[in-house]
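A quick write-up on the structure given underneath.
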Amino acid sequence: MSTYTSGISSLGVELGYGAYTDNATLPSTLTALGRINSIGGIELSTENIDSSSLVDKITQYISGRADTGGEWTVTINLTNETLAEWEGLQGSTKFFEVYHPSLTKGIWVVATVPSKLGLPEIGQNELLTYEISLTLNFYYGYATAVSVESE
């Protein structure tokens, strides 16, 4: 019988960014982004291509390309410091890594930060958070983790 870890917590997860040059060259150093509240998932939905011919009585399909939906969201605790971090990234395309200290692989994404940040929803007696909608340019996937460094 195989032995598995029962699971891992999201505690300790960090989001870092690094220079983007091309879709194949992962950065070797990353800068941590502060006060990340949540990181949106990326679902890969594979398109189905109809490969039927006139003689087929049942439609046949082959796998097409996977679609990410083109959007990736990150929610931050809105502070003067986090606002300055994201304002400094506005309009830029970066490699982002979702880093977990218990995993040997990180999850890598190439995304563009919007050129302008919008207004967060504000409610009574709530933590002020802001959801940033990044354009997902390229989903790299799982690759060797690079530890995220705080500035």
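The values are calculated or read from the model by the stated rules, or taken from the named source; none is laboratory data. Note that the structure is predicted; figures quoted are calculated from it, not measured. Note that we place each Cβ from the backbone using ideal geometry, even for glycine, and neighbour counts take in every protein chain shown.
Kindly evaluate T82 against the criterion of being more than 24 Å from A143 (Cα to Cα), at pLDDT 95 or above and surrounded by fewer than 10 Cβ atoms within 10 Å (Cβ to Cβ).
no
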| request: For residues that are surrounded by 17 or more Cβ atoms within 10 Å (Cβ to Cβ) and assigned to a loop (DSSP other than H, G, I, E, B), scanning just region 109-151, find the one that is modelled with the lowest pLDDT. | output: V148
| Does G41 count as free of Cβ contacts under 8 Å to residues at least 12 places away in the same chain, within 13 Å of the chain's Cα centre (by Cα) and under 23 Å from S133 (Cβ atoms)? | yes
| task | Give R65, R35 a once-over and let me know the one that is basic (K, R) and surrounded by 11 or more Cβ atoms within 10 Å (Cβ to Cβ). | result | R35
| request: Evaluate the following for A19: is it of a type in the set (A, V, I, L, M), more than 14 Å from the chain's Cα centre (by Cα) and modelled with pLDDT of 95 or more? | output: yes
| said: Please go through region 3-27 and give me each residue that is within 17 Å of Y142 (Cβ to Cβ) and among the small types (G, A, S), ordered by number. | reply: S10, G16, G18, A24
| Going by the structure shown, is G123 free of Cβ contacts under 8 Å to residues at least 24 places away in the same chain and either over 26 Å from S147 (Cβ atoms) or touching a Ser or Thr at 6+ places or on another chain (Cβ under 6 Å) (or both)? | yes
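Would you mind stating whether V55 is of a type in the set (A, V, I, L, M, F, W, C) and exposed (fewer than 13 other Cβ atoms within 10 Å of the Cβ)?
Values: of a type in the set (A, V, I, L, M, F, W, C): yes; exposed (fewer than 13 other Cβ atoms within 10 Å of the Cβ): yes.
Yes.
To keep it simple, each residue is scored yes or no on (1) within 30 Å of A24 (Cβ to Cβ); (2) modelled with pLDDT of 95 or more; (3) of a type in the set (F, W, Y).
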| site | (1), (2), (3) |
| --- | --- |
| I49 | yes, yes, no |
| I58 | no, yes, no |
| S63 | yes, yes, no |
| A66 | yes, no, no |
| L78 | no, yes, no |
| W86 | yes, yes, yes |
| S92 | yes, yes, no |
| F95 | yes, yes, yes |
| I107 | yes, yes, no |
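Can you work out which of the residues in region 68-79 that are among the β-branched types (V, I, T) and crowded, with 18+ Cβ neighbours inside 10 Å is farthest from the chain's Cα centre (by Cα)? Break it down into steps so the answer makes sense when it comes.
Start the filter on region 68-79 by keeping residues that are among the β-branched types (V, I, T), which leaves 68, 73-76, 79.
Imposing the further condition that a residue be crowded, with 18+ Cβ neighbours inside 10 Å reduces the set to 74, 76.
Values: V74: 8, I76: 14 Å.
The qualifying residue farthest from the chain's Cα centre (by Cα) is I76.
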| task | Could you look through region 1-28, keep only residues that are out of contact with any Ser or Thr (no Cβ under 9 Å at 6 or more places or on another chain) and β-branched (V, I, T), and pick out the one that is farthest from E97 (Cα to Cα)? | result | T3
